[in-house]
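Read-outs: derived from the displayed coordinates by stated rules, not from any lab. Predicted, not measured: the structure shown is a model, and the values here were computed from it. Heads up, the Cβs are rebuilt from the backbone with ideal geometry, glycines too, and the neighbour counts pull from every protein chain shown.
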Amino acid sequence: MHPITRLSAAEYTARVPDLADLLLDAVAGGHSLGFVEPFERGAALDWWRARTPAVADGSLLVWACPGPRGVDGTVGLALESKPNGRHRAEVVKLMVHRDARGRGLGRALLATAERAAAELGAGLLLLDTETGSVAESLYTTAGWTRYGVVPDYASDPSGALRDCSFFYKRLR
């Protein structure tokens, strides 16, 4: 099975280079995740390092699955800090290395984030993804509900505008 572990603040810091490599692979594979080409390793490192305070204070939970490339997959869970929204959380940056796909790791990472959210009392999860992507299929088959599509929401790594699908899932 997939050895998925939640990263402590120290483990997260140690894994930033591997997480950066995973992000580079995802963008090179056509998944923007908020980035466009050219996308350099320094920018990927900076992006992950900028999340260090959120990991340290517990507002961002990050899981990783180690593999021969360092990290084969990751997922994050961003907890809502507003008092009226503490019942919800957002699944962020679910990524699986191109060489590790097709083995159920994405589904396992998603299930890990869902279980953790439920244990923390978050009964409503949100996420967004490119419309028509493999990720969209994963969320649909995992019981998520698409509640809208925004045309031309973000560009892919090459700069072409893509539609974005927004999903939610009730855990209770």
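Tabulated data
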read-out	value
Size of electric dipole in the range 26-170: Cβ of Lys, Arg +1 and of Asp, Glu -1, about Cα centre, debye, nearest 20	440
The chain - mean residue ellipticity at 222 nm from DSSP helices (-39,500 (n - 2.57) per run, n ≥ 4, rounded to 500)	-10500 deg cm²/dmol
Centre separation in Å (Cα based) which lies between the range 1-50 and the range 158-172	20
Cα convex hull of the chain, projected area averaged across orientations, nm²	9.7
Net charge of neighbours whose Cβ lies under 15 Å from the Cβ of Ser165, counting Lys and Arg as +1 and Asp and Glu as -1	-4
Lys/Arg +1, Asp/Glu -1 at C-beta; the range 1-159 dipole; positive extreme among Ala117, Ala14, Val71	Ala117
Computed over the range 72-129, Kirkwood Rh from alpha-carbon pairs, angstrom	11.9
Local net charge near Trp63, Cβ-Cβ under 11 Å (Lys/Arg +1, Asp/Glu -1)	+3
